[in-house]
């Protein structure tokens with residue numbers, strides 16, 4: 001499958017208009033949270049280009065509108081080794097999401113790498129994104145992806161899963177950084193490793209935490225994800241993130257688990 005398009009367009013670098021590819025599965029008028037996360041990482045990199053965005057914590061206050069939004073960002077901590085950026089996704093009426101980054105300066109250092117199991121892209125096979133059912137019939141995030149799986153796993157049928165994903169760019173005619181490219185996948189833990197099908201239980205994240213210890217390279221990234229839930233309607237998704245060279249970090253989501261029926 002060839003990938004065309006981008007998640008957003010902008011004419012002034014401040015107001016961002018989502019394309020159909022940014023639409024999430026729950027609400028036809030709301031974005032999937034992954035692409036806006038990439039925009040927030042972009043803003044952080046532009047403010048502090050000499051620091052690595054080691055962590056971003058995103059609070060999702062309400063659905064991010066497909067009607068468009070602007071980003072406001074500012075440096076809230078500036079040190080020789082550690083800095084932070086605060087970011088808001090908003091319009092003239094309300095704030096839809098906010099984020100805080102932790103960004104560290106780069107320094108050449110020889111370190112020992114642990115032996116950990118990593119998925120191999122060369123052994124992966126093509127597949128479909130796990131969630132194809134939505135609460136609408138419009139084009140959306142699932143149309144922006146190519147997907148591959150570890151054939152020894154569930155192949156997108158739920159439960160602990162390893163999935164590779166490649167997406168369209170964030171903006172047209174702009175090459176995203178590796179940090180920005182992995183943003184959409186980082187927000188897919190609940191969709192990759194759901195334990196109950198969307199037709200029975202929705203699994204919506206209220207936040208996203210991404211830790212990256214090096215910049216991902218290439219355009220194929222993997223997540224090995226598992227979702228844990230309780231009968232009180234609260235859960236967590238935990239995912240290890242990889243590029244084709246090995247591990248790059250981790251993402252977690254706090255989840256609202258709710259019985260539902262989309263028929």
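The values are calculated or read from the model by the stated rules, or taken from the named source; none is laboratory data. Quantities reported herein were computed from a predicted structural model and do not represent experimental measurements. Note: ideal-geometry Cβ built from the backbone for every residue, glycine included; neighbour counts use all protein chains shown.
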Hey, does the range 181-188 have a residue that's in contact with a helix residue (DSSP H, G or I) (Cβ under 9 Å, 6 or more places away or on another chain) and surrounded by fewer than 17 Cβ atoms within 10 Å (Cβ to Cβ)? no
If you go through the range 135-143 one residue at a time, do you hit one that is at pLDDT 90 or above, surrounded by 24 or more Cβ atoms within 10 Å (Cβ to Cβ) and in contact with a helix residue (DSSP H, G or I) (Cβ under 6 Å, 6 or more places away or on another chain)? no
In the range 198-222, which residues are outside any strand (DSSP E or B) and either crowded, with 16+ Cβ neighbours inside 10 Å or touching a residue at least 60 places away in the same chain (Cβ under 8 Å) (or both)? 198, 199, 200, 206, 213, 214, 215, 216, 219, 220
Output for the range 61-77, where each listed residue is surrounded by fewer than 23 Cβ atoms within 10 Å (Cβ to Cβ) and not in a loop (DSSP other than H, G, I, E, B): 65, 70, 71, 72, 73, 74, 75, 76, 77
Search result, residues across the range 223-263 that are part of a strand (DSSP E or B), over 30 Å from residue 122 (Cα atoms), out of contact with any helix residue (DSSP H, G or I) (no Cβ under 7 Å at 6 or more places or on another chain) and touching a residue at least 24 places away in the same chain (Cβ under 8 Å): 229, 235, 254, 256, 257, 258, 259
Taking the range 131-174 and keeping residues farther than 20 Å from residue 18 by Cβ and either without any contact (Cβ under 8 Å) to a residue 24 or more places away in the chain or part of a helix (DSSP H, G or I) (or both) leaves 132, 147, 152, 153, 154
Could you check how many residues of the range 78-112 are assigned to a loop (DSSP other than H, G, I, E, B), touching a residue at least 12 places away in the same chain (Cβ under 8 Å) and either more than 24 Å from the chain's Cα centre (by Cα) or farther than 30 Å from residue 206 by Cβ (or both)? 3
